[in-house]
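Data first, discussion second: the structure below is written as structure tokens.
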Amino acid sequence: MHRYSYMPPIGVISLASATMNKNRILITLSESDKTRFGKQEFAEQSFPQKVFSAIWALESEVNNGGFSQYFLNSSAESASFVVEGLETIGAPKTASICRRAIITAFPTGLPPTVETIRSVAADFPDEIPEKLETIDQEFLAYPHNLTDLLFAYVSSHPEEFGALPKPDDA
């Protein structure tokens, strides 16, 4: 073994593999007809579908371009619900981060329509994206394992999402 090689303990490899399998299962689920994500207006979705869609959009956008991008893109349709969705799956710290991002981006309150949210986000004064970058870093530190929590949530709703394979089956 090269003296600079690092092999994590077996438990760490297993944990990473299980999480990756859960992520693959969630990706497959998101692309299937079992979810309404990207296929039905957010407002028309059932509560469990909204939870999935809101968290899926949040992670996708914030990981790709931060909260500024989240508010600018169509993912903004879930902004008024995302805190509730995170609390529903048991991610109160991440919910708090999102609540602060919303307050930072929209100090007078979240606009009532997706179009207005996106319009305001397109014209954020320079200091807003700068403040949001700090909050982005808090989100990206992942105070909760959102993959595990979302997987557990959808697994507990087979009536909405169907039976999911066990992570070892993926």
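No lab work stands behind these numbers, since they all come straight from the coordinates. Because the structure is predicted, anything quoted here is derived from the model rather than measured. Positions of Cβ are backbone-derived with ideal geometry, glycine not excepted, and every protein chain shown enters the neighbour counts.
Structural remarks
- Burial ordering of 114, 51, fewest other beta-carbon atoms within 10 Å first: 114, 51
- Here the extension length gained between residue 141 and residue 84 equals 18.5 nm, from 0.36 nm per residue of separation less the Cα-Cα distance.
- Across the chain, Cα-Cα distances exceeding 29 Å account for 25% of all pairs.
- 19 Å reach of a label modelled at residue 133, 7 Å along Cα-to-Cβ, counting backbone N of the range 85-104: 101-102, 104
- When only the Cβ of Lys, Arg, Asp and Glu is charged (+1, +1, -1, -1), the dipole of the chain relative to its Cα centre reaches about 500 debye.
- Share of Cα-Cα pairs in the range 39-101 lying beyond 14 Å, as whole percent: 50
- Surrounding net charge for residue 47, when Lys and Arg each add one and Asp and Glu each subtract one, Cβ distance under 13 Å: -3
- Estimated [θ] at 222 nm from DSSP helical runs (n ≥ 4, -39500 (n - 2.57)) normalised by residues in the chain, nearest 500: -20000 deg cm²/dmol
- Evaluated at q = 0.12 Å⁻¹, a Debye calculation over the C-alpha positions of the range 81-170 (equal weights, vacuum) places log10 I(q)/I(0) at -0.50.
- Order of 113, 104, 94 under a 10 Å beta carbon neighbour criterion, fewest first: 113, 104, 94
- Modelled this way, with points 7 Å down the Cα-to-C-beta line, the labels at residue 108 and residue 96 are 2.9 nm from one another.
- Rounded tilt (10° steps) of 127-140 against the dominant C-alpha axis of the chain: 20
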